[in-house]
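Report on the structure given below.
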Amino acid sequence: MNLPDNLPDDLRLAIRETRALVRYRYPWWLRAVVLPGVAGITLGRRIYLAEGAELARSLRHELVHVRQIARTGFFSFYWKWIAEYVSNRRKGMSSDEAYRRISFEEEAFAEENI
């Protein structure tokens, strides 16, 4: 992906440090499962951003997930993410609230506007 010239230096550095691979648009095989309105998704070091996503904000969020995956391990991250989501839904939370209350997501949302 060609990053825009006005991308903040801290994001360029974070992309380089995490060795993240940033792509605009979801690949065909991912489009079928990503819900409408999702700005980005991280799979390992690969960050896929939706067309029209707020670039800096979305990158800050997804780069947190790249670091979390590096810290916890690929399978462990996704297992814990799904387990927390399911647990939150069982507690009666809406889908959106259950997602936002996942510990990994709380950390990522906190970084969005720094």
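The values are calculated or read from the model by the stated rules, or taken from the named source; none is laboratory data. Since we're looking at a predicted model, the values are computed, not measured. Note that we place each Cβ from the backbone using ideal geometry, even for glycine, and neighbour counts take in every protein chain shown. In case anyone asks, the SASA skips ligands and DNA or RNA and just uses the protein heavy atoms, side chains included. Shrake-Rupley method; radii C 1.70, N 1.55, O 1.52, S 1.80 Å.
Overview of values
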quantity: Spin-label model distance (nm) - ARG45 vs ARG90, 7 Å beyond Cα toward Cβ; calculated: 3.6
quantity: As computed over the chain, the Cα convex hull volume per residue (Å³); calculated: 107
quantity: Lys, Arg +1 and Asp, Glu -1 on Cβ, resulting dipole of the chain about Cα centre, debye, nearest 20; calculated: 500
quantity: Sequence of LYS91, LYS80 from largest to smallest accessible area, 1.4 Å probe; calculated: LYS91, LYS80
quantity: LEU21 long-range amide H proximity, modeled H, under 5 Å; calculated: ARG46, ILE47
quantity: LEU59 accessible area, assembled protein chains, probe 1.4 Å, Å²; calculated: 0
quantity: Net +/- balance of residues flanking ASN88 in space, Cβ distance below 15 Å, scoring K and R +1, D and E -1; calculated: +1
quantity: Relative contact order (%) - criterion: Cα under 8 Å, at least six apart; region: the chain; calculated: 23
